[in-house]
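Single-structure report; data block below.
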Amino acid sequence: MPLNLRIALSSLKAHKWRAILAMLGVFLGALAFTGVQHVSQIMVRQAEMETEKLGPNLYAVMAGQVRFRHSGGVRTFGDTRNFSLADARAVIDRVPSVLEGAPYVSTTMGVRSGRDATTAKILATWPSYQSIRNFHPETGRFFTWQELEDRAKVCVLGRTTAERLFGRPEDALGRTVFLYRASFRVLGIMEAKGRDVSGEDQDEYLFLPITTYMRRASNQDWINGVYLRLSGDASLSQVKASVNSVMRRRHNIMSGEDDDFATMSPKDAVKLQRQALELMSTLGGISSIISFAVGGLGILSIMILVVRARRVEIGVRRAVGGRRRDIVRQFLFESGLMAGVGGAFGVLVTVILILVGSALGDLPRIIDPGNLLFTLIGSCLLGVAAGAYPAWQAANIEILDILKH
């Protein structure tokens, strides 16, 4: 074992609690820096994965005005009853790059079967919803275009809704559920999907033909919006301009007046989440810098005390031939070792938390080696910088003064 390492380890062992306190600030700084950076990367990847679940090249046009929440969800306000099926068909037919569309009405209603009842999110739409949202039945089937035209009283249940009403989702096939007094025959059970990027649990839906809902369940002539599937080379800016042109003309919106509709791509929600996470990363970086600064000051003060306490050792080492640079290297090594150990523990705890979180929270497992290595090297350099002044003091101790006393 190298001499400097033996000396450093014996010094740390002789003053364990003092060394631990010096390492604590660096540990917290390393944990804050690596933890926040990894959490940001994990959340961005999670949002991207949720976006992929929504369907390929999804685009939505909605009634009213929409505001994004920092969580990625959306809030709708304003006049939401001026969007018609004719508007949806016009958008599907006239906007370039639109491959297919699915108008929809979304609401929440009580659903029952026998004595069992629950609250479900009702989504009335077209059969094309399946391919647009990449969401298909796991058991049974979705309703057909003929059933849509006939206003058939049929429905498809989300997995959670089926479990609440029938226990086992498979038992729901062919059974009857009631929305108020209207009965609907269950055609299928959707695959498990979980929450989308807007925070909606897609397994709690009940799907039925939009014509059936608008005439047999609610007697309304307005919809909430239309989902669109765009071609792979579609320009979102051009699509938005075309949608605005069609909708403003149909709603007689004059120049200078605000739109009474909104457009949204899942990428917009991901972008907002990314911006919020960037702010979190910045705040986390500031807190880690403060922790590193505290740790560096702790190492500086402790190394100054160490130099004073070991003046005799330093003088004797110089007297038997030790050079100034050897003394400097010794104390820089000790301070760098303390900071490096603190940083290593911070990195280790971050990795453990990531592994545990990904296992328990069903989150993406992302470990950035570059970030971890940067933190380790930065911790060691911080220790070296903090130990520079005490090492200079130690190297400039006068041998005769030490031997005299």
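Where does each of 175-183, 358-366 land if you order them by average Cβ count within 10 Å, highest first?
175-183, 358-366
What's the magnitude of the charge dipole for segment 97-229 around its Cα centre, counting Lys and Arg as +1 and Asp and Glu as -1 at the beta-carbon? Answer in Debye, nearest 20.
In debye, rounded to 20, segment 97-229 gives about 400.
Determine the gain in length on full extension of the stretch residue 283-residue 257; use 0.36 nm per residue of separation and subtract their C-alpha separation, reporting nm with one decimal.
The residue 283-residue 257 span can extend by a further 5.5 nm.
Taking just the alpha-carbon atoms of segment 98-215, what radius of gyration and Dmax come out, in angstrom?
13.0, 44
Can you figure out the FRET efficiency of residue 138 with residue 233, using R₀ = 35 Å and their beta-carbon distance, to the nearest 0.05?
Computed FRET efficiency for residue 138 and residue 233 comes out at 0.65.
Between residue 221 and residue 180, what is 0.36 nm times their sequence separation minus the Cα-Cα distance? Round to one decimal in nm.
So the extension gain works out to 12.8 nm.
Simple spin-label model, 7 Å along Cα-to-Cβ: residue 377 to residue 355 in nm?
Placing both labels 7 Å beyond Cα along the Cβ direction yields 2.5 nm.
Please give the length that would be gained between residue 368 and residue 311 if that part of the chain were fully extended, namely 0.36 nm times their separation in residues minus their C-alpha to C-alpha distance (nm, one decimal).
Length gained, residue 368 through residue 311: 16.2 nm.
Can you tell me which of 237-244, 24-31 comes out highest on packing, and rank the rest after it, using the mean Cβ neighbours within 10 Å?
24-31, 237-244
Where a number appears in this text, it was derived from the coordinates with a stated rule and is not lab data. Predicted model only: the values in this text are computed from it and were never measured. Neighbour counts are summed over all protein chains in view; Cβ atoms, including those assigned to glycine, are modelled from backbone coordinates with ideal geometry.
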